[in-house]
Amino acid sequence: MLSNPRLIPVQGTLNVVMNQNVSLSCHSDSGSPPVRYTLFKHSQKVTTLVRPDLSPGLFNLTINSASDVGEYKCKAENNRTSGGKYSKSLNFTLKEPISRPVLSSPTSQAKKGQNVTLSCLSENGSLPITYVFFKGRQSISTPVKMQKREAAVIFVFINSSSDFGIYKCRAENS
């Protein structure tokens, strides 16, 4: 009797980016060969391959658009199984790379004793996005995690001449 197949991402993660190549392994542990593996996306047949033994069926895909993510399943069948056996479903999540963050401030010329507002925003990328502010190479803020497409904001008090200089921000999503 053919066992229910397992569908696993060869690269180990379900988080993918645009134009990424991914491999899915569909494998039944027991049963009589040959085994026919069929990959489905949103219940639509993608492709079928036959293995002469019980080795996994490998399906190679390229994530070209948002429609390429979603629910995938595989079906294993042999000459002794009517209807075949299905795997549990896998769902890919599309991670959009973030764009270069823009640091802005309503004040370009600060004075001693002044509070300065710094805003950092990355226009594109999957949420959440975590921002960190720097003065030179030194971090001046704890990471600020934004769940919405909004700028991270900090306030810098200009207390001495050492507070003047170049400020930057970094954005990353995981």
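The values are calculated or read from the model by the stated rules, or taken from the named source; none is laboratory data. Model, not experiment: these values are computed from the prediction. For neighbour counting, all protein chains shown are included, and Cβ atoms are generated from backbone atoms with ideal geometry for every residue, glycine included.
Looking across region 95-128, the residues that are under 12 Å from the mean Cα position of the chain (by Cα) and crowded, with 17+ Cβ neighbours inside 10 Å come down to Lys95, Ile98, Gly125. Taken as a whole, the structure places Arg6 among residues that are of a type outside the set (Val, Ile, Thr), in contact with a strand residue (DSSP E or B) (Cβ under 7 Å, 6 or more places away or on another chain) and surrounded by fewer than 17 Cβ atoms within 10 Å (Cβ to Cβ). Cβ-Cβ distances below 7 Å connect the following pairs, each with a first residue in region 134-148 that is on the phi > 0 side of the Ramachandran plot and surrounded by fewer than 16 Cβ atoms within 10 Å (Cβ to Cβ), a second residue that is among the β-branched types (Val, Ile, Thr) and in a loop (DSSP other than H, G, I, E, B), and a separation of six or more residues or different chains: Gly136/Ile166. Set side by side, the residues Leu7, Leu58 differ, and just one is in contact (Cβ under 8 Å) with a residue 40 or more places away in the chain and within 12 Å of Leu90 (Cα to Cα), which is Leu7. Please go through region 87-126 and give me each residue that is in contact with a Pro (Cβ under 7 Å, 6 or more places away or on another chain) and not in a strand (DSSP E or B), ordered by number. Of everything in region 87-126, those that are in contact with a Pro (Cβ under 7 Å, 6 or more places away or on another chain) and not in a strand (DSSP E or B) turn out to be Ser87, Ser122, Gly125. The single residue among Glu77, Glu71 that is in contact (Cβ under 8 Å) with a residue 60 or more places away in the chain, among the acidic types (Asp, Glu) and within 30 Å of Lys45 (Cβ to Cβ) turns out to be Glu77. The sole residue among Asn21, Asn15 that is touching a strand residue (DSSP E or B) at 6+ places or on another chain (Cβ under 7 Å), exposed (fewer than 12 other Cβ atoms within 10 Å of the Cβ) and modelled with pLDDT under 95 is Asn21. If you go through region 62-81 and pick out every residue that is within 20 Å of Val17 (Cα to Cα) and in a loop (DSSP other than H, G, I, E, B), you end up with 4.
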